[in-house]
1. What are the residues whose amide H is under 5 Å from the amide H of Phe67, where those residues sit 5 or more places off or on another chain and H is modelled from the backbone?
2. Suppose R0 equals 25 Å; then what is the FRET efficiency for Arg59 and Glu99 from their Cβ-Cβ distance, rounded to the nearest 0.05?
3. Using a probe radius of 1.4 Å on heavy atoms only, what accessible surface per residue do you get for the stretch 1-116? Whole Å² is fine.
4. So, in nm, how far is label Glu12 from label Ser26 when the simple model puts each one 7 Å beyond its Cα toward the Cβ?
5. If I take every Cα pair under 8 Å that is 6 or more residues apart in the stretch 8-140, average their sequence separation and divide by the length, what percent do I get for the relative contact order?
6. Using the charge dipole of the chain (Lys, Arg: +1 at Cβ; Asp, Glu: -1 at Cβ; taken about the Cα centre), state which of Leu133, Ser26, Pro107 has its Cα farthest towards the positive end.
7. Please give me, ordered by residue number, the GluC sites (Glu not before Pro) of the stretch 1-52 that lie in loop per DSSP and have at most 15 other Cβ atoms within 10 Å.
8. Of the trypsin sites (Lys or Arg not before Pro) in the stretch 1-96, which ones lie in a loop per DSSP and count no more than 16 other C-beta atoms within 10 Å?
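The values are calculated or read from the model by the stated rules, or taken from the named source; none is laboratory data. Only a predicted model underlies this, so the values are computations on that prediction, with no experimental measurement involved. Cβ placement follows ideal geometry from the backbone for every residue including glycine, while neighbour counts extend to all protein chains displayed. All accessible areas refer to the heavy atoms of the entire protein, side chains included, with ligands and DNA or RNA removed. Shrake-Rupley method; radii C 1.70, N 1.55, O 1.52, S 1.80 Å.
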Amino acid sequence: MSFSMSRAEREEFLAGVHVGVLSVASADGEGPLAIPVWYTYRPGGTVNVSTGRATRKARAIEAAGRFSLCAQDERPPYKYVTVEGPAVIEEGNAPERLELARRYLGPEDGDAFIAANPGSADVIIRMTPERWLTADFSEG
């Protein structure tokens, strides 16, 4: 019995609003880094994460050149999608930061979050999914 999601199912799930867990080999030799993040994804596109340029995760991703992200539904029956692939780091931009904040906090609170956290030192990290691991325990 397979619990794997189809391509359409996994892309739809990943595009939903979940707090992702980003994992990357640590650049400082202190073991892997796993950290919760907000992200965006559109089917067929890249996984996008915004963070400060000087953060541990940005440094680790720059050194490794790739990362993985796991999104899950913690309510039974459980589901998850893990993606892994190469990453590029680009300068952050205000419209994308605002889209991300509104995605997770709603329009009013997203706007307030951006106003309280100016992002002049932000970068956008874009990962192209190469490997997928999925499970949907409602299938079966």
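1. Gly85, Ala87
2. Rounded to the nearest 0.05, the efficiency is 0.50.
3. For the stretch 1-116, the per-residue accessible area is 56 Å².
4. Those two pseudo-labels are separated by 4.0 nm.
5. 28
6. Towards the positive end, the residue furthest out is Ser26.
7. Numbers: sites: Glu9, Glu11, Glu12, Glu30; in loops: Glu30.
In loop regions of the stretch 1-52 (DSSP not H, G, I, E or B), the sparsely surrounded GluC sites (Glu not before Pro) are Glu30.
8. Counting only loop positions with at most 16 other Cβ atoms within 10 Å, the trypsin sites (Lys or Arg not before Pro) in the stretch 1-96 are Arg53.
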